[in-house]
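Only one structure is covered here, and it is reproduced in the block below.
The values are calculated or read from the model by the stated rules, or taken from the named source; none is laboratory data. Keep in mind that what you see is a predicted model, and the values were worked out from it rather than measured. Please note: Cβ atoms are built from the backbone with ideal geometry, for glycine as well, and neighbour counts cover all protein chains shown.
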Amino acid sequence: MASNDQQLLPLAGKHAFITGGSGGICCACAKQLLIDGANVTLMARSNDSLNAAKTELMGDIPSGAHVHTIAADSCNETELKDALDASHKRFGSLDIAIATVGGGAIRPLLMHDEKSFTQELQLNIVSAFLLIRYATPLMVKTASPEQLGSIVCISSDAAKLVFPWLPAYTTAKSGLEGLVKACAEELSSLNIRVNAVRPGLTRTKATQALFDNAEIKKKFAQEKPLGRLGEPDDVSAGVRYLAGPESSWVTGQSFAIEGGNELRKGPDMAEMVKQIYGDEAFEKVRAGIAPFD
């Protein structure tokens with residue numbers, strides 16, 4: 001039974017399921033939801049990383065809210081479905097689903113092959129599709145015009161900006177935004193909203209090396225009118241808005257949270273390509289030669 005204080009919170013009694021459960025953006029989103037009273041299920045592949053994330057979040061849990069963790073792979077259909085079913089059974093509803101799994105490599109077109117290219121599509125699009133596909137039948141059990149279900153996906157400013165040397169990632173995030181719009185239209189009659197946020201470069205464990213490189217950090221920051229790179233809390237604030245009742249008249253949208261970068265252009269990452277693959281490989285790419293064939 002929730003306490004009187006917890007009942008006053010805007011998300012009291014709601015259950016949110018978040019994939020990519022040990023990542024920086026995921027944990028920031030979970031914190032926002034917990035503070036407002038939601039129960040949260042975190043899903044990621046590693047029990048160790050999930051336990052660390054749960055420990056970090058424990059201080060933000062108000063009376064009556066809970067954090068549950070499930071080790072499973074977001075790109076494995078059976079594992080994801082089973083995790084959703086188990087968490088729904090535990091909390092009795094599924095009100096919010098957030099897809100944070102994604103990522104991509106700085107890898108020029110001529111350094112990709114079919115496997116490497118489709119892996120990024122799988123990671124960014126298929127993982128979100130699976131969450132939407134199997135969350136929907138659970139959400140409709142309690143969704144209503146007064147209590148809309150909400151699905152939020154993490155996209156990227158790479159869906160809108162031109163980022164040379166990121167062909168698979170930009171394709172994947174553009175495709176994800178197409179999926180969001182199509183699902184928003186199709187699921188609206190089921191009282192489910194589907195939206196996305198488009199972060200710019202945000203500090204996480206996966207991106208920390210870019211933040212530690214002063215020259216690269218400068219290249220990104222100078223394309224942002226607000227002059228700085230992102231932190232997970234910047235992104236989670238937008239996700240919290242889209243997840244909650246405050247955005248009940250919003251669906252099929254993708255919000256840019258990236259310091260204004262889309263007013264300008266993607267940074268020149270040629271030096272990063274050289275650092276990763278070497279000058280000789282980069283010059284071959286510039287000449288239209290696949291260096292690894």
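Cβ-Cβ distances below 9 Å connect the following pairs, each with a first residue in the stretch 240-255 that is in contact (Cβ under 8 Å) with a residue 12 or more places away in the chain, a second residue that is small (Gly, Ala, Ser) and assigned to a loop (DSSP other than H, G, I, E, B), and a separation of six or more residues or different chains: ALA243/ALA38; GLY244/ALA38; SER254/SER155.
When we screen LEU190, LEU176, LEU161, LEU138 for residues that are among the aliphatic types (A, V, I, L, M), buried (at least 23 other Cβ atoms within 10 Å of the Cβ) and modelled with pLDDT of 95 or more, the only hit is LEU176. The set of residues in the stretch 193-210 that are basic (Lys, Arg) and either modelled with pLDDT of 95 or more or part of a helix (DSSP H, G or I) (or both) comprises ARG193, ARG198, ARG203. Test ASN195 against the stated conditions and say whether it is over 19 Å from the mean Cα position of the chain (by Cα), surrounded by 15 or more Cβ atoms within 10 Å (Cβ to Cβ) and closer than 30 Å to GLY13 by Cβ. In short, no.
For the stretch 256-277, a residue qualifies if it is of a type in the set (S, T, N, Q) and either free of Cβ contacts under 8 Å to residues at least 12 places away in the same chain or surrounded by fewer than 18 Cβ atoms within 10 Å (Cβ to Cβ) (or both), and exactly one does: GLN275. Taken together, ALA143, ALA97, ALA182, ALA83 contain a single residue that is buried (at least 16 other Cβ atoms within 10 Å of the Cβ) and assigned to a helix (DSSP H, G or I), which is ALA83. Based on this model, can you work out whether GLN208 counts as surrounded by fewer than 22 Cβ atoms within 10 Å (Cβ to Cβ), more than 30 Å from TYR134 (Cβ to Cβ), of a type in the set (S, T, N, Q) and free of Cβ contacts under 8 Å to residues at least 24 places away in the same chain? Here the answer is yes, as GLN208 does meet what is asked.
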